[in-house]
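One structure below.
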Amino acid sequence: MIKMWRWVFLILFASSVTLNLYLLTSFEQTKTLDAVQPSSIRLTTDSLTQSSSKEMPQIIPTMSQQQLNLANLTQQQNRKQLLAQANQWLSIKELITLEDFLHTYLKQHPQDMDFLLIEAQLKVETNLLSDAINHYYDLLRVPMTAAQNDYIQQQILSLTSNTIEQLSNNYSWDTLARFVEPLLQLEPNNRQYILSLANAYAELYQAGLMENVLASLALDDPAAQKIRQILITQQASQPDDDGASESELSTKNTRPIPLKHIGDHYVVNASLSNNSVALLIDTGASITAISRAFYNNLSNKYKINFLGRFNINTAGGMIMAPMYQFRELTIQHVTLQNIPVVIIPMGGMEHADGLLGMNFLREFDFKIDQTHSVLFLD
C-alpha cells in the first residue's frame with residue numbers, strides 16, 4: 001500500500017512540475033510578444049514617412065484591423081504620422097485608399113476634427129459639390145477650435161463663391177440653379193445664394209421662381225431690381241430675335257466653318273487645349289461636354305482645373321458628372337478661354353468625342369446653314 005501511495009505522489013509531483021514549466025514558458029512568450037509588437041508597428045509607421053509617394057498607397061492598405069488596433073492610434077506620434085499620410089494620399093489623388101483608411105480610423109476616433117476635415121476635402125473630390133458643402137455645414141455643429149471653425153467657414157465661402165462665379169460667367173444657368181438650391185435651404189438669408197439663384201431663374205425665364213427667391217429681399221433692393229430687369233429685357237428682345245431674317249445673319253462678315261452632317265446632327269472639328277476634338281452641336285445642351293474615354297486620354301497630359309461634381313441633364317436623364325475648366329476651346333477662327341466642360345458617359349456615339357453646348361455658342365452670333373453644312377460664328 002505504501003508503494004502505491006509513493007507512486008501516486010511521484011505522478012502528481014511530475015504533473016505539477018510540468019504544468020509550472022508550461023505556464024512559465026507561456027508567460028515568457030507573452031512578454032516577448034509584448035516587447036516586439038510595438039516596435040514592429042513603429043517600424044511600419046516610420047517606413048510610411050520614408051516611402052516615396054508612389055510606394056505609400058501600398059503600405060497602410062495592407063495593414064489589418066488588428067494591426068491598426070495594436071498601433072495605439074491615440075498616441076500623438078502615430079497620429080501625426082497617419083495625419084501626414086492621409087494628407088499625402090489626398091494630394092496625390094489616391095482617393096480610394098484614403099476613403100478606406102478614413103472609414104477605419106474614424107470608426108475608432110469619430111471626433112478627431114483634423115481627420116474629419118480631410119474627409120470633407122475628400123467629399124469635395126468625390127461627391128456632388130453641393131453635398132460636399134452641406135457636409136462642411138454639418139461639421140460646424142461638431143465641437144472644434146476657433147481656428148478650425150474659421151477654416152470651415154472659409155472653405156464654404158471659397159467653394160460657393162468660386163463655383164457661382166464660374167457658372168455665371170459661362171451662362172450655365174440650369175447647373176447654377178441646381179447647385180444653389182440646396183445651399184439656400186441651409187442658409188435661407190444668405191444674400192449671395194439669394195441673388196445668384198434668382199439670377200439663374202431670370203436667365204431661364206422662370207419668373208415665378210425668381211420672384212419667390214427675391215421675396216426675402218426688400219422690394220426696392222437695387223440688386224433685386226437689376227435681376228428683374230434681366231427677365232424684362234429678355235422678354236422684350238425675344239420677338240426681335242425670332243424675327244431676325246436669314247438675310248440679316250448671312251450679310252455678316254463671317255467665315256463659314258465646315259460641318260460633318262450625320263443624320264439629323266452636325267459635328268464640328270475643334271481644339272480643346274490644343275487637342276483635336278470632334279463635337280456634336282447641341283443647342284439643347286447648356287454646357288459643353290466630352291466623353292469619359294476622351295478625357296482619360298487628356299487627364300495626364302494637360303493641367304485642368306477641377307470645379308466639382310454637378311447634376312447634369314442628359315438625354316438619358318439626370319446624372320452626377322465632374323466639371324473641369326479647360327484653358328481654351330477653339331473652333332477655326334474663334335476661341336473661348338477658361339471654358340467649363342463636363343465629363344459624361346457617351347456610349348454609342350461613334351462620330352464625336354463630345355457635345356458643343358450653349359456655354360460656347362451663346363458667346364457668338366451663330367447660324368447653321370443646313371443647305372451647305374456650314375457653321376457661322378461671329
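Scanning the stretch 146-159 for residues that are more than 17 Å from P110 (Cβ to Cβ) and of a type in the set (S, T, N, Q) returns N149, Q153, Q154, Q155, S158. Of everything listed in (1) under 30 Å from M318 (Cα atoms); (2) among the small types (G, A, S); (3) touching a residue at least 24 places away in the same chain (Cβ under 8 Å), the single unmet condition for A84 is (1). Residue count for the stretch 167-177, restricted to those that are in contact with a helix residue (DSSP H, G or I) (Cβ under 7 Å, 6 or more places away or on another chain) and open to solvent by 40 Å² or more (accessible area, probe 1.4 Å): 1. Highlighted here are the strands (runs of 3 or more DSSP E) found entirely within the stretch 312-378 that include at least 2 residues which are among the aromatic types (F, W, Y): 317-331.
Within the stretch 178-191, the residues that satisfy the criterion of being more than 23 Å from L356 (Cβ to Cβ), open to solvent by less than 60 Å² (accessible area, probe 1.4 Å) and assigned to a helix (DSSP H, G or I) are V180, P182, L183, L184.
Yes/no matrix, rows are residues, columns are (1) closer than 23 Å to N169 by Cα; (2) over 21 Å from the mean Cα position of the chain (by Cα); (3) part of a helix (DSSP H, G or I):
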position: H261; (1), (2), (3): no, yes, no
position: S271; (1), (2), (3): yes, yes, no
position: A278; (1), (2), (3): no, yes, no
position: I290; (1), (2), (3): yes, no, no
position: N296; (1), (2), (3): no, no, yes
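Just one of (1) open to solvent by 80 Å² or more (accessible area, probe 1.4 Å); (2) of a type in the set (V, I, T); (3) in contact with a helix residue (DSSP H, G or I) (Cβ under 9 Å, 6 or more places away or on another chain) fails for V341. It is (1).
The set of residues from the stretch 88-108 being surrounded by 15 or more Cβ atoms within 10 Å (Cβ to Cβ) and not β-branched (V, I, T) comprises Q88, W89, L90, E94, L98, E99, F101, L102, Y105, L106. The residues of the stretch 141-153 that are exposed (fewer than 12 other Cβ atoms within 10 Å of the Cβ) and assigned to a helix (DSSP H, G or I), listed by number, are A146, A147, D150. Taken together, I194, I164, I156, I133 contain a single residue that is crowded, with 17+ Cβ neighbours inside 10 Å, in contact with a Ser or Thr (Cβ under 7 Å, 6 or more places away or on another chain) and free of Cβ contacts under 8 Å to residues at least 24 places away in the same chain, which is I194. Looking across the stretch 82-115, the residues that are under 21 Å from the mean Cα position of the chain (by Cα) and of a type in the set (S, T, N, Q) come down to Q85, N87, Q88, S91, T97.
The values are calculated or read from the model by the stated rules, or taken from the named source; none is laboratory data. All of these numbers come straight from a predicted model, not from anything done at the bench. Here Cβ is always computed from backbone atoms with ideal geometry, including for glycine, and neighbour counts include all displayed protein chains. When the accessible area is computed, the model is the full protein with side chains, heavy atoms only, and any ligands, DNA or RNA have been set aside. Shrake-Rupley method; radii C 1.70, N 1.55, O 1.52, S 1.80 Å.
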